[in-house]
Each structure stands twice: as structure tokens, then as C-alpha cells.
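Q: Take a look at the following structure, please.
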Amino acid sequence: MQTFRQLDPLRRAVDALRCDGPIALVPTMGALHEGHLALVREAKARAAHVAVSIFVNPRQFGANEDLAAYPRQLERDAALIEAEGAALLWAPASEAMYPAGYATNIAVAGVSEGLCGAARPGHFDGVATVVCKLFNQVRPDFALFGEKDWQQLAVIRRMACDLDLTLPHVDAIIGIPTVREADGLAMSSRNAYLTPQERAQAAALPRAMQTAILELKAGAPVHGTLTALREALLAAGFVSVDYAELCDAESLVPLTTLPERPARLLVAARIGKARLIDNMAV
Ligand code: AMP
């Protein structure tokens with residue numbers, strides 16, 4: 001596996017690989033876990049070469065968020081993806097991504113405005129901007145993202161369509177189902193912030209979501225079910241609930257009744273130092 005920290009040598013290496021088959025890109029912020037590795041494995045199954053990017057993107061963190069504390073473990077991450085057969089690690093220095101004078105921002109209206117977009121102003125501008133840059137830097141044939149970040153996936157699909165970021169395949173932006181711990185908690189680099197007690201309490205999040213989904217499917221009213229879900233999380237040790245919403249799976253418009261179309265339950269809640277997000281099909 002080759003590792004790059006500057007754009008010119010990365011581009012040369014990608015061009016050489018491209019002659020020899022399609023390239024899949026897996027963008028990450030590092031501190032890799034089985035969820036990330038599932039993306040790398042799927043990428044490997046779909047493309048001749050896998051490029052993984054690791055960049056803790058300052059533009060997607062708010063002023064009071066965990067940018068400084070975010071776990072960084074590049075050497076360990078490099079060994080993990082190399083063992084999965086990745087060909088290339090793109091780990092740009094911050095100045096390579098945002099050189100002096102950098103001035104461009106991508107804002108995706110609509111789908112980025114509710115949920116995490118409301119709770120974290122500017123977050124999805126940062127995500128859209130860096131992912132657009134990563135696409136232009138690597139020019140992959142496919143890119144893979146986790147359904148764990150459902151709204152992020154929707155924002156990236158919208159941006160790629162709107163800006164004609166024509167990856168060669170129509171279905172080039174691929175969503176991968178959330179990988180979970182044995183107790184159901186969605187794997188996340190931020191789970192490392194939890195104390196053992198908080199980690200045990202955090203399993204209440206997927207459990208309460210499953211309960212809510214069963215109730216919704218049995219015909220319970222949406223508003224009351226979401227209120228009960230919030231209360232269950234607070235009772236289980238969560239400090240606060242940023243949101244718990246039933247939304248159209250594609251447009252992310254909030255719903256007050258269960259539709260015929262695919263719907264998604266999405267939750268963000270805080271426990272200890274961590275803000276955890278999860279989402280499930282309803
Ligand atoms: P991150 O490093 O948190 O920015 O995540 C990088 C990519 O991995 C994103 O596309 C995430 O959605 C995806 N991802 C993170 N956690 C999981 C998980 N538990 N299961 C599947 N994909 C995940």
C-alpha cells in the first residue's frame with residue numbers, strides 16, 4: 001500500500017492504477033473500526049483498487065466540538081486497511097487540503113437543513129466541501145459511505161447529482177448498512193469517549209429505537225412514540241436528545257404519520273462526552 005500526504009504524487013499514483021482497473025474511494029476520518037473496514041471490503045469486492053482517505057476535516061467541526069479530542073491513530077489505521085488489501089492511503093496534511101487563501105464552500109440546501117444540520121450549523125457544508133474535494137482529488141469510479149450517517153449520505157448524493165460530479169457509474173455512490181456491536185450499538189469512532197458505564201448505557205439507544213419501530217408498525221401515533229423514545233433515552237442515562245424524528249428516507253422531510261414510502265427513524269443523543277447518532281429503516 002502506498003501512502004500519500006501531498007496531492008501531486010497521489011494523482012500520479014491514481015493515474016497509474018486507473019490504467020489497470022476501476023478505483024473505489026472510502027473517505028474516513030480515521031480511528032478505524034469494523035464499520036469502516038466493512039466499507040473497505042465492499043470497495044474491494046467492487047473495484048480493482050481501493051483508495052482510503054483519512055482526514056479529520058476541521059471544516060465539519062463546530063467551534064465547541066471535539067476536533068482537538070477526535071482520536072487519531074494513523075499508523076494503526078494504515079495497517080488495518082493494508083491488511084484488507086487497500087492499494088492507496090490518502091492522508092493529506094491540513095495545508096494540502098486547505099492551502100493558504102482557500103475560500104470555497106459548498107452548501108447543499110434542503111436535505112442538510114434538519115436533524116444534524118440544525119443541531120450542528122455548518123457541519124454539512126464542511127462534509128460536502130471535503131467530499132467534493134476528495135472526489136476531484138482521487139477521481140474514483142465508486143465511492144462508499146456508511147448508512148450510519150444517513151443524512152450525510154443524502155447530502156453527498158444530492159451534491160454529486162447537482163454538481164454533475166459524474167463518477168463513471170450511475171450508482172457510483174454506494175451506501176453500506178450500519179455495522180453494530182454485539183449489543184446493537186452502532187460502531188463509531190466516538191464510542192471511544194464513553195466510560196465503561198456509559199458504554200453499557202448507550203446500548204439503550206438501538207434498543208429504544210427498535211421498540212419505537214415495532215410500536216409505529218403496530219399503528220401507534222408518531223408523536224407519542226417519539227416522545228416515549230426520548231423519555232426512554234433520558235431514563236437510560238442519556239443527558240439530552242438532540243432529535244428523534246421519523247422522516248422520509250430520501251428527502252428527510254419529517255413525518256407525522258407512517259407513510260407508504262420508505263421511512264427512517266433518526267436519533268441523535270448525548271451521553272457523557274459523546275454525541276451518538278443512529279438511524280433505522282421503519
Ligand atoms: P467517519 O470516519 O466517521 O467519517 O466515517 C467514515 C465512513 O464510515 C462514513 O461513510 C461513515 O458513514 C462510515 N461508518 C462509520 N461508522 C460506521 C458503521 N458503524 N457502519 C457502517 N459504516 C460506518
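Q: Taking θ as phi - 60°, what are the ³J(HN,Hα) couplings along the range 74-83 by the Karplus curve (6.51, -1.76, 1.60), each to the nearest whole Hz, with x for Gly and Pro?
A: Rounded to whole hertz, the list is 4, 5, 4, 4, 4, 5, 5, 6, 4, 5.
Q: Expressed as a whole percentage, what fraction of the accessible surface of the range 189-281 belongs to carbon and sulfur atoms when a 1.4 Å probe is rolled over the protein heavy atoms? List each step's numbers first, then the result.
A: Values: 2600 of 4540 Å².
Carbon with sulfur: 57 percent of the solvent-accessible area.
Q: Going 7 Å from the Cα of Ala79 in the Cα-to-Cβ direction, what parts of the range 12-49 have a backbone nitrogen less than 16 Å from that spot?
A: Those under the cut-off are 31-34.
Q: Here is a further query. Using only DSSP helix segments of four residues or longer, with each worth -39500 (n - 2.57), what per-residue ellipticity at 222 nm results for the chain after dividing by its residue count and rounding to 500?
A: About -11500 deg cm²/dmol.
Q: While we're looking at this one, here's another question. Taking the alpha-carbon centroid of each part, what is the distance from the range 82-110 to the range 238-282 in angstrom?
A: Centre-to-centre distance over Cα atoms comes out at 28 Å.
Q: Here is a follow-up. Under 10 Å from the Cβ of Lys148, count the other residues' Cβ atoms, weight Lys and Arg +1, Asp and Glu -1, and hand me the total.
A: Values: positive: Arg180; negative: Glu147, Asp149, Asp278.
Cβ neighbours under 10 Å give a net charge of -2.
Q: Enter the mean projected area of the convex hull around the alpha-carbon atoms of the range 189-281, in nm², rounded to one decimal.
A: Numbers: hull surface 22.9 nm².
Directional mean of the projected Cα hull area for the range 189-281 stands at 5.7 nm².
Q: Assigning unit charges at the beta carbon (Lys, Arg +1; Asp, Glu -1) and nothing else, what dipole magnitude in debye, to the nearest 20, does the range 2-176 show about its Cα centre? Display every interim value, and only then the final one.
A: On the way: 16 positive and 20 negative charges, 36 e Å.
The dipole of the range 2-176 has a size of about 180 debye.
Q: Can you list the residues, at least 5 places off or on another chain, whose amide H is less than 5 Å from the amide H of Thr3, using H built in the peptide plane?
A: Amide H neighbours of Thr3: Leu89.
Q: Once amide H atoms are placed 1.01 Å from N in the peptide plane, what residues at a sequence separation of 5 or more from Gly272, or on another chain, have their amide H within under 5 Å of its amide H?
A: Hits under the 5 Å cutoff: Val239.
Q: Output wanted: per-residue J couplings in Hz (rounded whole) for the range 32-38, from phi through Karplus 6.51 cos²θ - 1.76 cosθ + 1.60, θ = phi - 60°, x for Gly and Pro.
A: Karplus-based 3J(HN,Hα) across the range 32-38 equals 6, 9, 4, x, 4, 5, 4 Hz.
Q: Please work out the C-alpha center-to-center distance from the range 126-167 to the range 27-41 and express it in whole Å.
A: Spelled out, the Cα-based centre of one part sits 16 Å from the other.
Q: Tally Lys and Arg at +1 and Asp and Glu at -1 over the other residues with C-beta under 10 Å from the C-beta of Arg275: what net charge comes out?
A: Working: positive: Arg120, Arg190, Arg270, Lys273; negative: Glu65, Asp66, Asp242.
Net of charged neighbours comes to +1.
Q: Then there's this: Taking the Cβ of Leu39 as the center, what net charge do the other residues with Cβ under 14 Å away carry, scoring Lys and Arg +1 and Asp and Glu -1? Working shown, then result.
A: Working: positive: Arg41, Lys44, Arg46, Lys148; negative: Glu34, Glu42, Asp77, Glu84, Glu147, Asp149.
Computed value for this residue: -2.
Q: Just how many % of Cα pairs in the range 2-176 lie over 27 Å apart, if you round to the nearest whole percent? Write down the numbers at each step before the final one.
A: Details: 3079 of 15225 pairs.
Everything past 27 Å amounts to 20 percent.
Q: Here's something else I'd like to know. Give me the 1.4 Å probe accessible area per residue for the chain, excluding ligands and nucleic acids, in Å².
A: 46
Q: Based on the mean of other Cβ atoms within 10 Å per residue, sort peptides 212-221, 101-110, 179-188, 146-155 so the most packed one is first. Don't skip to the end; give the middle numbers.
A: Values: 212-221: 14.4, 101-110: 11.6, 179-188: 16.9, 146-155: 22.2.
Ranking, from highest mean packing down: 146-155, 179-188, 212-221, 101-110.
The values are calculated or read from the model by the stated rules, or taken from the named source; none is laboratory data. Keep in mind that what you see is a predicted model, and the values were worked out from it rather than measured. Here the Cβ is made from the backbone with ideal geometry for all residues, glycine too, and neighbour counts use every protein chain on show. With ligands, DNA and RNA removed, areas are computed over all heavy atoms of the protein, side chains included. Shrake-Rupley method; radii C 1.70, N 1.55, O 1.52, S 1.80 Å.
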